[in-house]
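Okay, so here's the structure we're looking at.
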Amino acid sequence: MIFLDTRYVSPLLKKTLSTVKDTIFDVTHGRFLSAPPTFQEFDVRSGVIMNAEIGMEALNEFLPNHHITGMANIFKNKMAFRKLIASKYPDFFYRSCSLAELQKNAGEGLPFPIVLKPIAGYGSEGVYKFDDNKSLEQFIHTCQTADAAEDMQFIIEEYIDGNEFAVDFYFDEEGEPVILNIFARKFKDSNDVGDRIYYISKAVLSTYMTPFYCYLKEFGESLHLKMMPLHIELRVNSAQKIIPIEVNPLRFAGEGTTELGYFACGVNPYEYYFSGRKPAWDNIIAEMDDSIYSFTCAEMDKGITPAQIEAIDHHSLKKEFKEILDYRILPLDGRATFAVIFFKSEGETEHNHILNLDFMKFITYKQYQLQ
């Protein structure tokens, strides 16, 4: 079963779906693009996958009582997820609070540095890092002046120092994890929480394939996960301990960015998932070159609406990259990302350039005149 957000279907997914004999439900328009199944007899062993978050609504409608749906809803609630894995990380600090509670107690009892994020959501939207109580108080003051709702729910977590990764994988019928991608995340500095750059390389795959497989196998067994695709974000601290940040269920990296692995090493994550195959990683890694393959999401500043935009200078933005593998223009439908750029480099110099690039300079606003 495929829950498809048809507002944007990435090229590789579109190509792969043309060869897949599975039920496709268009969640954007609420209709089937193939013969609808009899949901009372729907065999979930054939798998469930979506290409965007709005597929969760259809999942809860069609499979409200299934174990996969229950687990997916837990993963989407950051507080529920932390409670679920708390016994594995007994010393990890986290707690939930409303904006009103945060305003009342500020940084009382918090082990700075901390990360604050909405209980619901994904990616870096609404995520903040605070090194001390002063910076937290400034954030609270900003919320007050913006008339934010006092019942806004957050989760506060201790900051995990270390390298961050995103892994696209699925659990097969036996509960075995099948890794399809490992992306390292690049930050500008210790306070950066953005999604600006992820990359994959021979070094990343050869270093982390085995430890991540072992971690995910134990993770899946503890939660009884089978036939479930996931996008998980992990941090590896200085003691080489793997700590999960969040799990996005029933999908891979968003906006088609999971396809970076296809450019780097020829692994089509959708095809491997739909066919139930496993990449021969030893052979794939051995045949890879030493280049760094990356993607960046060109995003607009918060609060910018499509109605305000006159044009986007994609031609000039392309010139900021030395070797573009693919440049994808996304629809201006309210999403923050207006382009996804896949690129190849021989070192990290280009990463530093892109991390400091102002994407807003490529946007022209409409000029309004008073009548």
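The values are calculated or read from the model by the stated rules, or taken from the named source; none is laboratory data. Predicted, not measured: the structure shown is a model, and the values here were computed from it. Positions of Cβ are generated from backbone atoms using ideal geometry, with glycine treated the same way; all protein chains shown enter the neighbour counts.
So, in region 57-75, exactly how many residues are in a helix (DSSP H, G or I) and in contact with a Phe, Trp or Tyr (Cβ under 8 Å, 6 or more places away or on another chain)?
Qualifying residue count for the region: 5.
Among what's in region 179-188 and is of a type in the set (D, E, K, R) and under 15 Å from residue 353 (Cβ atoms), pick the residue that is surrounded by the most Cβ atoms within 10 Å (Cβ to Cβ).
This residue is 186.
Going through region 318-365 one residue at a time, which ones are more than 26 Å from residue 125 (Cα to Cα) and either over 24 Å from the mean Cα position of the chain (by Cα) or surrounded by fewer than 18 Cβ atoms within 10 Å (Cβ to Cβ) (or both)?
319, 322, 323, 324, 325, 346, 347, 349 - these are the residues of region 318-365 that are more than 26 Å from residue 125 (Cα to Cα) and either over 24 Å from the mean Cα position of the chain (by Cα) or surrounded by fewer than 18 Cβ atoms within 10 Å (Cβ to Cβ) (or both).
Please determine, by comparing only the residues of region 278-301 that are assigned to a loop (DSSP other than H, G, I, E, B) and of a type in the set (A, V, I, L, M, F, W, C), which one is farthest from residue 259 (Cα to Cα).
Filtering region 278-301 for residues that are assigned to a loop (DSSP other than H, G, I, E, B) and of a type in the set (A, V, I, L, M, F, W, C), the one farthest from residue 259 (Cα to Cα) comes out as 300.
Go through region 1-43 and report how many residues are at pLDDT 90 or above and not in a loop (DSSP other than H, G, I, E, B).
Of the residues in region 1-43, 15 are at pLDDT 90 or above and not in a loop (DSSP other than H, G, I, E, B).
Can residue 332 be described as assigned to a loop (DSSP other than H, G, I, E, B), in contact with a strand residue (DSSP E or B) (Cβ under 9 Å, 6 or more places away or on another chain) and more than 30 Å from residue 47 (Cα to Cα)?
yes
Looking at region 302-315 only, could you name the residues that are outside any loop (DSSP other than H, G, I, E, B) and closer than 27 Å to residue 184 by Cα?
314
Please go through region 187-212 and give me each residue that is touching a helix residue (DSSP H, G or I) at 6+ places or on another chain (Cβ under 9 Å), of a type outside the set (A, V, I, L, M, F, W, C) and modelled with pLDDT of 95 or more, ordered by number.
198, 199, 201, 202, 206
Please state which of the following conditions residue 327 fails to meet, knowing it meets all the rest: (1) without any contact (Cβ under 8 Å) to a residue 24 or more places away in the chain; (2) assigned to a helix (DSSP H, G or I); (3) among the hydroxyl-bearing types (Ser, Thr, Tyr).
Of the numbered conditions (1) without any contact (Cβ under 8 Å) to a residue 24 or more places away in the chain; (2) assigned to a helix (DSSP H, G or I); (3) among the hydroxyl-bearing types (Ser, Thr, Tyr), the odd one out for residue 327 is (2).
Taking region 84-109, which residues are closer than 30 Å to residue 197 by Cα and either free of Cβ contacts under 8 Å to residues at least 12 places away in the same chain or not in a helix (DSSP H, G or I) (or both)?
Answer for region 84-109, where residues must be closer than 30 Å to residue 197 by Cα and either free of Cβ contacts under 8 Å to residues at least 12 places away in the same chain or not in a helix (DSSP H, G or I) (or both): 85, 86, 89, 92, 93, 94, 95, 96.
Given (1) within 17 Å of residue 257 (Cβ to Cβ); (2) without any contact (Cβ under 8 Å) to a residue 60 or more places away in the chain, identify the lone condition not met by residue 275.
(1)
Residues in region 282-293: is at least one modelled with pLDDT of 95 or more and more than 22 Å from residue 345 (Cβ to Cβ)?
Checked against the condition, which is being modelled with pLDDT of 95 or more and more than 22 Å from residue 345 (Cβ to Cβ), region 282-293 yields at least one hit.
Report, ordered by the first and then the second residue, all pairs with beta carbons closer than 6 Å, sequence separation of six or more or different chains, a first member in region 245-256 that is crowded, with 22+ Cβ neighbours inside 10 Å, and a second member that is acidic (Asp, Glu).
Correct list of pairs: 252/168; 253/168.
Hey, can you tell me all the residues within region 200-237 that are exposed (fewer than 14 other Cβ atoms within 10 Å of the Cβ), of a type in the set (S, T, N, Q) and farther than 22 Å from residue 82 by Cβ?
Once the filter is applied, which keeps residues that are exposed (fewer than 14 other Cβ atoms within 10 Å of the Cβ), of a type in the set (S, T, N, Q) and farther than 22 Å from residue 82 by Cβ, region 200-237 yields only 210.
Hey, can you tell me all the residues within region 263-272 that are of a type outside the set (Val, Ile, Thr) and either surrounded by fewer than 22 Cβ atoms within 10 Å (Cβ to Cβ) or not in a helix (DSSP H, G or I) (or both)?
Result: 263, 265, 266, 268, 271, 272.
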